[in-house]
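The values are calculated or read from the model by the stated rules, or taken from the named source; none is laboratory data. Keep in mind it's a predicted model, so treat the numbers as computed, not measured. A quick note on method: Cβ atoms are made from the backbone with ideal geometry, for glycine too, and the neighbour counts reach across all protein chains shown. Only protein heavy atoms, including side chains, enter the accessible area calculation; ligands, DNA and RNA are left aside. Shrake-Rupley method; radii C 1.70, N 1.55, O 1.52, S 1.80 Å.
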Amino acid sequence: METQSSLEFQDLSTFESFKGFWHYYGYGVDQQDLIDREFKRIKGVTYLDHAGTTLFPESQIKGFCDDMSRNVYGNPHSHNPSSRLTHDTVESVRYRILGHFNTCPEEYSVIFTSGCTAALKLVADTFPWKAASNEGPGSQFCYLTDNHTSVVGIRGVTALQGVGTVSVLPHEVERRARKPPTQTNGEESSAPNLFCYPAQSNFSGRKYPLSYVKGIQSQQLYPACEHRGRWFVLLDAACFVSCSPLDLSQYPADFVPISFYKMFGFPTGLGALLVRNEAAEVLRKTYFGGGTAAAYLVAENYFVPKPNVVSRFEDGTISFLDIISLHHGFETLQKLTGSMLNIQLHTFGLARYTYIVLSCLRHSNGKPVAQIHCDNDFQNIAEQGAILNFNLLDCYGRTVGYSQVDKMASLFNIHIRTGCFCNTGACQHYLAISNQNVKSNLHAGHICGDNIDLIEGRPTGSIRVSFGYMSSFEDCQNFLRFVVNCFVDKPLILDQKRLTKLKSAEPMESAASYDLASTPNGQLGHQKGQTISPSPERIAPSEDTVSKEEKNNGSSHTLTNLFIYPVKSCASVEVTEWPLGPQGLLYDRLWMVVNENGVCLSQKREPKLCLIRPIICLASNTLQLQVSGMEPVTVPLETSLANSDLRTSQSKVCGDRYEDKTQTVDCGKEVSTWLSEFLGKPCRLIRQRPDFLRDMKFGREKAENFGPTALSLVNEAQFLLINRASMSFLQEHIANSENEGTWHDMEQLIQRFRANLVISGQEAFAEDDWSHLTVGDTQFQVIGRCGRCQMIGVDQKSAARTQEPLRSLSECRSGKVTFGVYLAHQSARNTTAVPVLSVGARVIPRISESSDKP
């Protein structure tokens, strides 16, 4: 006959009861449907070792395999097309990792390693440790006692270098805080110091305050407050980031090691060190491998590292296919869960429910069933992760060996973790194991990782259950029923007083509401209601200058053609007049096509892009894409951020980067399907966010009178101008060397060079010497020459590749492949005038004072 407590336990084990404890479960779809669709292999399995490794979904692996079967990825150290694809895709993954942690390449670098431990060893081997001497104190290596073995192992490196070591108890960080030490003799200590702590304990799931990062760096917290010098913080985030969002813009730790299998389940053997660029400057690397050298000599001790942080520290060829697979991990995680905040809420709720029920279970004599190792009651999501650590007790209060529990759990296909979890400090603390106990246990034959779970009745380790984003309420049910059926002396009793107390406590889920949706890093955007107008500080050529130019060039020039390219690398739209926007010609290169990994597709990789004809209709506010043999597809010119699919991947375009989360928005599934069908591979259309302006980097030193100049998704500058006289010169050279006579059409040749402004002229390459020019009433500054690549070899009508005109351009310009010049124009504020360029407008150039014309 069932007791009252047994019936209450059955009621407590229902999903309705769980919802009474926690309101956040799942991701807007039935959790069991998600498991049936993505994790069929765990049917009948209760997997509760996500802190060891989480599980990968089937769609992630399928997406990666499809990627591998569609693309050729070469060694990124080469420069052939397959290698460049690898390089760009890997860079896209780096930017996506940074975006995931709400930071940017200007602040952090991503150094790929074989795992979190390798990342920690990299810091240990390259940190500029300084031994104490008569000249001053040496470095201090400090770490929380609740740290992974791989962190404490840094001590093996520092001990050989005469560096002081301080193990810090968790409560001491704040309790012993005081004002920073004063410097003596007006001199600051130059010794660099390192403090290491986990964002989340892998033993208990305790979350340590991320505010410790700035507290240590500013020497306001212990132990930094007691030691002079510069303090760096290593934040071990491997356990934390599997289920929680980390914002490095708010908590700028100097070194952040992670392992990706804990986030995605695949790939294994791949991690990264996220290093703050400012901190990277102090690292001192001695070994140099392939790909890290700018130059070195074999017969002389001469070596110069590459200037880039990543290139200096990634020895040899990186595991590029594994790195590429991370894109599919991020994509799938986003698609299935929506955000890390959703994962955090879901997993914490499961852990909280399991904690409450397990802590209330009693044997028939009222003794507790479990001794739970934690520092809180699972009420605050900012203080506790999705890990529950405990030992089971029999009805006499004796510890049940963890190996016995593990073996029993295996019979029920319940997967848990037992032992000390490579965290001796936490194990000693929670299990009251003294230093002498550790030594005597070793003499008794117990080593880390074995199944000797009890020595003289005292536990040598514990049991850990941990949850992942695909964990379900049924996992909690199965585990709790297993404990009750196998380890509770019947009849079961529930501690009603404790249960009522824990159920009535209001959990603090609001602490998890990190503001990750805001625009990071202080990026500039349009001001609402801002109008476009010329700059009042423009430089207008004087009458003397105009006379000089007319004398030199025979006459002023004329604007003969005006082109815009709404979608990068797609066909042009020729217009007779067109307004200027804040980033160049209105709607010029505001869209681009990217592949499934977020890498920009250009005609260098996909020449068929030139066959896509964009049509802008200002009346209907739409952009239509047309191609022969297919129905057109339409997207709106203006994108509402509220209704757009904000992407978190990043893409790289001709040496620059674009972060979808802050700079572009996805244009939707319909156009993605249309483009994928035409190009024969998965791709999507993205648009630059209307609230984001990108600063021009190319020729910045020449734009002294313009200040910051905003760009769209162009490669280098707002405008590109070519001269018909220069084109005629090139055309003649090609015709003299080509037997086929296929270069007679000047207009087709002009199309290959994809300029915005085409002008008439009498002297070839006169534009190379210009510093400024006026088109109609609009002023421009020349900021540099355009270096050409194999893209001008794509026939814009057929998409066929040819060696011309790049070969002839190199020949007629003595090896140089520049053709055309970049222009900049800055719109003025506080004016209603909108400049418009018109075909037929007079073009008046001004020659630069120092010409370096070839």
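Assorted remarks:
- Cα-based helix-to-principal-axis angle, 81-100 vs the chain, degrees rounded to 10: 50
- Measuring between their Cα centroids, the stretch 127-151 and the stretch 449-476 lie 33 Å from each other.
- Working note: Karplus 6.51/-1.76/1.60 with θ = phi - 60° gives the stretch 231-243 the couplings 9, 10, 10, 9, 9, 6, 9, 4, 6, 5, 6, 5, 9 Hz, where Gly and Pro are set to x.
- Positive-end residue, the chain charge dipole about Cα centroid, Cβ charges, pick of 98, 192, 409: 409
- Pairwise centroid distance, computed over Cα atoms, of the stretch 401-439 with the stretch 48-113, Å: 35
- Relative contact order of the chain: 13 percent, from C-alpha pairs under 8 Å at least 6 residues apart in sequence.
- Rounded to the nearest 20, the Cβ-based charge dipole of the chain about its Cα centre (Lys and Arg +1, Asp and Glu -1) stands at 1300 debye.
- Summarising the amide proton neighbourhood of residue 802: residues at separation of 5 or more, or on other chains, whose placed amide H is nearer than 5 Å comprise 794, 795.
- Sum of side-chain charges, residue 37 neighbourhood, beta-carbon under 14 Å (Lys, Arg +1; Asp, Glu -1): 0
- Relative to the current alpha-carbon distance between residue 249 and residue 84, full extension at 0.36 nm per residue lengthens the span by 56.3 nm.
- By the equivalent-ellipsoid construction on the alpha carbon gyration tensor, the chain comes out with semi-axes of 60, 32, 24 Å, ordered largest to smallest.
- Loop sites in the stretch 66-172: GluC sites (Glu not before Pro), DSSP, at most 10 other Cβ within 10 Å: 106, 135
- Carbon-plus-sulfur accessible fraction, the stretch 246-310 (probe radius 1.4 Å, protein heavy atoms only): 53%.
- Amide H contacts of residue 778: none lie under 5 Å away among residues 5 or more positions distant or on a separate chain (H built 1.01 Å from N in the peptide plane; Pro and chain starts excluded).
- GluC sites (Glu not before Pro) lying in DSSP loop within the stretch 248-333, provided at most 14 other Cβ fall within 10 Å: 281, 300
- Assigned charges on the beta-carbon of Lys, Arg, Asp, Glu; the stretch 719-847 dipole about Cα centre (debye): 480
- Counting only protein heavy atoms and a 1.4 Å probe, the chain has 42 square angstrom of accessible area per residue.
- Whole-Hz couplings from phi, Karplus 6.51/-1.76/1.60, listed for the stretch 359-367; x for Gly and Pro: 6, 9, 6, 9, 6, 4, 8, x, 6
- Highest mean packing first, where packing is the average number of other Cβ atoms within 10 Å per residue, the peptides 804-817, 783-796 line up as 783-796, 804-817.
- Kirkwood hydrodynamic radius of the stretch 7-116, from the reciprocal of the average inverse Cα-Cα distance over all distinct pairs: 18.5 Å.
- Low-density loop positions, trypsin sites (Lys or Arg not before Pro), the stretch 364-466 - DSSP coil, at most 16 other Cβ in 10 Å: 398
- Here the calculated FRET efficiency for residue 455 and residue 134, from their Cβ-Cβ distance with R0 = 35 Å, stands at 0.15, rounded to the nearest 0.05.
- Projecting the Cα atoms of 674, 463, 344 onto the charge dipole of the chain (Cβ charges, centred on the Cα centre) puts 463 farthest toward the positive pole.
- A straight chain from residue 304 to residue 618 at 0.36 nm per residue would run longer than the Cα-Cα distance by 107.5 nm.
- Loop-exposed chymotrypsin sites (Phe, Trp or Tyr not before Pro) per DSSP, neighbour cap 12 Cβ within 10 angstrom, longest uninterrupted part of the chain: 397-854
- The chain, helix-only ellipticity at 222 nm - DSSP H runs n ≥ 4, -39,500 (n - 2.57), divided by all residues, nearest 500: -8000 deg cm²/dmol
- For residue 394, net neighbour charge (Lys/Arg +1, Asp/Glu -1) across residues whose Cβ lies under 12 Å away: +1
- Tilt relative to the chain, helix 543-553 - C-alpha long axis, 0 to 90 degrees, to 10: 80
- Principal-axis tilt of helix 320-337 within the chain, Cα atoms, nearest 10 degrees: 70
- Taken along the Cα-to-beta-carbon direction at a fixed 7 Å, the label points for residue 508 and residue 160 span 4.4 nm.
- With N counted as the residues of the stretch 719-847, its alpha-carbon radius of gyration over 2.2 N^0.38 Å works out to 1.14.
- Close amide H partners of residue 770, meaning residues 5 or more places away or on another chain with modelled amide H under 5 Å apart, are 848.
- Couplings 3J(HN,Hα) of the stretch 604-621, computed from phi: 5, 9, 10, x, 5, 4, 5, 7, 7, 9, x, 10, 9, 10, 5, 5, 9, 6 Hz, in residue order, whole Hz [Karplus 6.51 cos²θ - 1.76 cosθ + 1.60, θ = phi - 60°; x for Gly and Pro].
- Length released on extending from residue 670 to residue 474, taking residue separation times 0.36 nm less the Cα-Cα span: 66.8 nm
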